[in-house]
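The values are calculated or read from the model by the stated rules, or taken from the named source; none is laboratory data. Keep in mind that this is a model prediction, so the values were computed, not measured. Here the Cβ positions follow ideal geometry from the backbone for every residue, glycine too, while neighbour counts run over all protein chains shown.
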Amino acid sequence: MKNRIHYLSIWVVCLLATYSRAQPVTLSLTDHIVDLTKRNWSFVAYEPKQTPSYAEVSARKDWRPIKVGQRWEFLGHPELIDKTVWVKLTFHAPAELNAYKIGFFATMIDDEGAVYLNGEPIGTFKYLTGGKVPHPVDMDLTPKVNWGKENTLVVEIRDVVTQRMGGIIGSACLYKTLPNERTEAGGIRLKQSVNEPLAVLLHQGDARLTKGNQQTFDTQALAELHTPPSILREDELIIVAPAKHLSDKKYLAVDLDNINPVSVSDSLNLKTGTLPRTVGLYEMLRIPVEATGTYTNPFDPKQITVQAIIETPSGKIEKVGAFFGQDFEPVSPSAEEEILLPIKGNPWKLYYRPREKGVHKVELFAQDRSGLKRAVAGSFEAVASNARGYLRKSNVEPRFYEFDNGEPYYGRGPSGWFRGSRFLFGGNIRWVPYKLLDEYYDRKQANGSNFEYLATFHFGTLYIKDGFIDQHVAWKMEQSLRSMERHGLYWIVFHDGILRSYQNGFETLPYSAAQGGPCKNINEVYTHPVALEMQKNELRYMVSRMADSPSLWLWNCGDETQPGTKLSPVMVRDWLKELHGYIRQTDIYGHSHSIGEYENALLNGGDVVLLGDWYYHNNNRGDEYDQLCNGEKSQDNIGYNLCLQEKFKDWKVPVVNIEGGICQWENFSWLSGEKYKKFPEAIDFHQHLWISLFTKMAAGGTEWLNQALDDMKELYHAKAIANYVEGEPLTRTFHESITPTVSNQGLRAFGLQTDSKTLVWIDNRFYNWYNIGVQKKAPVPVRNAQLQISVKKPGTYQVEIWDTRKGAVLKKTPVKADGQLVKVALPDVDKDVALKITHMEQAAR
């Protein structure tokens with residue numbers, strides 16, 4: 001029976017392989033894009049150190065079928081972790097197509113390798129860990145195509161970065177187009193004369209370029225197009241073909257009439273509309289404004305500025321910049337893809353939120369090179385609302401934040417970026433669907449999470465060549481912020497426009513001479529006055545579009561290690577201070593700043609300390625914090641965090657762990673979650689939520705593996721602690737950190753105490769990720785233990801025992817203090833338990 005199954009399996013594999021070989025892809029006049037994710041490829045694999053030649057690889061007889069479009073693990077091939085994988089596919093190119101350019105396109109191939117056609121090298125590719133996807137793999141196959149014959153496309157993929165698995169990820173296709181090039185103004189110039197109506201396909205063939213009802217263009221009209229840099233996206237292909245060869249498919253429309261022009265030659269004019277009579281405190285007012293002028297870049301304040309000057313009831317003057325923004329309609333061609341179609345709308349937008357009750361007076365100003373225009377918008381009255389306002393450092397408990405209305409805030413993760421199954425971000429905007437992020441935020445809110453640590457480059461490159469703002473990226477960034485507002489999430493804005501691009505080459509930066517910028521090398525980016533002005537223009541745009549939001553928690557520019565640090569750390573720190581100083585000048589809402597991480601955050605003038613990297617490492621790296629913790633980083637989440645936080649316990653500023661997790665950073669497959677399954681109930685996430693509260697950190701649960709938590713439905717831990725702190729005056733009364741006594745050494749206890757109340761969390765030392773997840777040991781419950789705490793007042797106390805996973809009270813019982821000592825008999829502690837011990841006078845209120 002076993003032999004029959006064995007032979008049957010071989011037969012199935014052979015049949016699949018034969019089917020793959022027998023069904024080559026065939027290009028035709030009407031197929032301009034052929035989706036290769038729906039085709040059968042075949043593959044062979046090698047160990048990382050093996051370096052076979054193309055001839056050796058092609059001679060192998062054991063090629064097996066495989067699909068592409070996702071990482072190997074999601075295609076059912078976890079055995080390809082860290083391997084070098086060669087994949088191939090055959091296609092037929094009829095001779096009648098020899099006037100076309102034939103290309104191979106893939107959104108991303110992770111990590112590096114080469115493309116071959118018919119045994120000839122076509123090009124190489126490389127993607128670096130942690131960086132943005134610099135551009136798709138787009139290879140011109142035309143010179144090596146065998147017209148009228150079968151062609152063999154081979155891709156070598158070396159998986160050299162161990163943090164994630166490799167593969168051909170996102171879109172993968174063969175395409176054909178009449179050869180063309182882009183003009184400086186954004187037009188499409190054909191490389192050969194064509195005397196028939198032409199069609200332009202966009203968004204990988206899902207959309208068609210139109211102008212109102214016009215769907216075809218001649219060569220001159222295409223060459224004379226003036227389009228903003230980010231509208232006709234080359235990272236999603238631009239296909240030009242004779243209109244008669246289009247299929248009957250119903251295409252989406254990218255209508256040129258809906259696109260706001262970025263090059264305008266009009267007289268300067270400014271109009272405003274009627275303001276509402278009243279606006280609630282902290283609620284958004286969209287100030288109506290229409291502006292015209294002369295400019296070729298509306299994002300350059302030297303060419304045009306539009307702004308409001310507002311006099312508040314107290315006599316304070318506030319200046320708020322308008323921004324130029326294209327409106328879009330999102331369309332989803334699949335569950336993990338999104339296309340933005342331009343829609344008509346007024347390009348100039350101006351947001352304002354009042355923070356004082358009373359009458360506000362509003363004037364508008366527009367200025368271009370011809371002069372200045374003024375318009376009086378009128379006035380409105382700010383009235384009371386239910387909005388909580390902005391997050392501010394508490395004066396009573398400076399380690400915590402509170403809202404303007406005095407309500408306390410304790411940040412609850414996870415903090416990691418939502419990646420989707422393909423872990424694609426920072427490159428092709430098609431694969432960063434706002435819809436998926438909005439749905440994820442809905443799940444976070446339902447499960448009690450209330451903060452987000454998200455990089456702006458998650459959405460792609462905002463600031464592009466010639467000082468333009470990519471409107472697709474800007475739209476998704478703002479929509480995500482507005483989603484956070486609806487879901488009660490607060491964003492630590494991590495912005496870095498240098499390192500994540502520089503990893504892919506200095507020439508990818510808009511400040512480089514290669515892109516028309518002023519800088520000859522990376523170091524000049526931090527010091528050149530023109531480069532600094534360009535960076536400030538980007539920040540100016542972000543502030544005008546985003547700073548009004550109360551869901552913007554704090555600004556955090558730069559990254560862990562800027563490339564300029566190699567020349568001078570002092571230069572980089574000065575650069576950080578200058579950029580943050582500019583934000584403070586333009587952000588009237590006074591959001592917090594972290595200027596760097598660890599001690600530098602304060603030394604540079606920040607007002608909150610961000611801590612990064614509490615990942616566990618089996619090998620001691622010898623850095624300051626590993627040495628401080630004597631290697632506990634690889635054993636015990638709570639022990640490690642305690643010793644790390646010992647350094648900051650006396651600091652009178654908020655401290656936030658922004659990034660960390662149970663994974664061994666050097667050996668983790670980000671997506672499969674296989675290693676994460678070693679950690680039942682998300683032990684590290686749960687413990688970090690509670691230990692951060694009881695060590696008076698501003699946020700806890702900053703688990704970086706949020707994708708695994710979400711997939712495994714483990715986000716609920718945040719809801720439990722949210723229930724526990726609900727109604728607690730964390731920032732209205734000073735809470736002293738205490739260490740309660742427990743009778744069993746298998747338990748450790750942590751407390752926060754006021755005059756009449758003590759919050760306590762008790763943890764079973766044995767129940768940690770190492771013992772339960774790695775060693776697979778059975779839990780060791782602690783029974784018949786007793787808690788003892790010193791209290792401020794004699795009398796009777798009400799003791800609540802809380803389930804830390806359900807976030808509910810298990811039991812209430814009165815306990816009379818023995819003098820100023822309260823003793824509580826604890827329930828069996830399998831994992832952990834929390835208590836609230838409240839003086840009965842306080843409990844009765």
When restricted to 315, 345, the only residue out of contact with any Leu (no Cβ under 6 Å at 6 or more places or on another chain), closer than 14 Å to residue 290 by Cα and in a loop (DSSP other than H, G, I, E, B) is 345
Within the stretch 491-542, the residues that are assigned to a loop (DSSP other than H, G, I, E, B), surrounded by fewer than 19 Cβ atoms within 10 Å (Cβ to Cβ) and in contact with a Pro (Cβ under 7 Å, 6 or more places away or on another chain) are 504, 528
Of all strands (runs of 3 or more DSSP E) fully inside the stretch 153-203, the set with 1 or more residues that are touching a Phe, Trp or Tyr at 6+ places or on another chain (Cβ under 8 Å), over 24 Å from residue 432 (Cβ atoms) and not acidic (Asp, Glu) is 167-177, 198-202
Next item on the list: Would you check if there is a residue in the stretch 803-815 being in contact (Cβ under 8 Å) with a residue 60 or more places away in the chain, farther than 20 Å from residue 757 by Cβ and either out of contact with any strand residue (DSSP E or B) (no Cβ under 7 Å at 6 or more places or on another chain) or surrounded by 14 or more Cβ atoms within 10 Å (Cβ to Cβ) (or both)?
Entry: yes
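Run down 411, 345 and say which single residue is over 13 Å from the mean Cα position of the chain (by Cα) and within 25 Å of residue 697 (Cα to Cα).
411
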Among the residues of the stretch 791-822, the number that are outside any strand (DSSP E or B) and under 48 Å from the mean Cα position of the chain (by Cα) is 6
Among the residues of the stretch 501-509, are any in the same structural domain as residue 436 (by TED's automatic domain parsing), closer than 29 Å to residue 607 by Cβ and of a type in the set (A, V, I, L, M)?
no
Exactly one of 726, 714 is under 26 Å from residue 790 (Cα atoms) and assigned by TED's automatic domain parsing to the domain that holds residue 404, and that residue is 726
Buried (at least 16 other Cβ atoms within 10 Å of the Cβ), under 20 Å from residue 486 (Cα atoms) and not acidic (Asp, Glu) - does that describe any residue in the stretch 557-573?
no
Taking the stretch 349-373 and keeping only residues that are surrounded by 15 or more Cβ atoms within 10 Å (Cβ to Cβ) and polar (S, T, N, Q), one is left with 367
Output for Cβ contacts, cut-off 7 Å, separation at least six or different chains, first residue under 13 Å from residue 319 (Cα atoms) in the stretch 533-547, second hydroxyl-bearing (Ser, Thr, Tyr), reads 540/586; 543/586; 547/589
By my count, strands (runs of 3 or more DSSP E) wholly in the stretch 90-141 with at least 3 residues that are of a type outside the set (Gly, Ala, Ser) and assigned by TED's automatic domain parsing to the domain that holds residue 499 are none
Just one listed residue, out of 103, 119, 69, 113, is touching a strand residue (DSSP E or B) at 6+ places or on another chain (Cβ under 9 Å) and surrounded by fewer than 18 Cβ atoms within 10 Å (Cβ to Cβ), and it is 119
Here the residues within the stretch 209-239 that are in contact with a Pro (Cβ under 7 Å, 6 or more places away or on another chain) and part of a helix (DSSP H, G or I) are 235
Scanning the stretch 585-602 for residues that are assigned to a helix (DSSP H, G or I) and either crowded, with 16+ Cβ neighbours inside 10 Å or touching a His at 6+ places or on another chain (Cβ under 7 Å) (or both) gives 586, 600, 601, 602
Restricting the stretch 455-476 to residues that are of a type in the set (A, V, I, L, M) and surrounded by fewer than 24 Cβ atoms within 10 Å (Cβ to Cβ), the one farthest from residue 538 (Cα to Cα) turns out to be 455
Taking the stretch 38-79 and keeping only residues that are within 12 Å of residue 168 (Cβ to Cβ) and not aromatic (Phe, Trp, Tyr), one is left with 39, 66, 67, 68, 69, 70, 71, 75
Out of (1) part of a loop (DSSP other than H, G, I, E, B); (2) modelled with pLDDT of 95 or more, the one residue 269 does not meet is (1)
Original post:
Do we have any residue at all in the stretch 262-271 that's acidic (Asp, Glu), touching a helix residue (DSSP H, G or I) at 6+ places or on another chain (Cβ under 7 Å) and either surrounded by 14 or more Cβ atoms within 10 Å (Cβ to Cβ) or without any contact (Cβ under 8 Å) to a residue 60 or more places away in the chain (or both)?
Top reply: no
query: Any residue in the stretch 588-602 that is within 25 Å of residue 325 (Cα to Cα) and over 24 Å from the mean Cα position of the chain (by Cα)?
result: yes
Scanning the stretch 640-669 for residues that are in a helix (DSSP H, G or I), at pLDDT below 75 and touching a Phe, Trp or Tyr at 6+ places or on another chain (Cβ under 7 Å), the one surrounded by the fewest Cβ atoms within 10 Å (Cβ to Cβ) turns out to be 665
Sole miss for residue 334 among (1) modelled with pLDDT under 95; (2) touching a Gly at 6+ places or on another chain (Cβ under 9 Å) is condition (2)
Scanning the stretch 304-327 residue by residue, the ones that are crowded, with 21+ Cβ neighbours inside 10 Å and touching a Gly at 6+ places or on another chain (Cβ under 9 Å) total 5
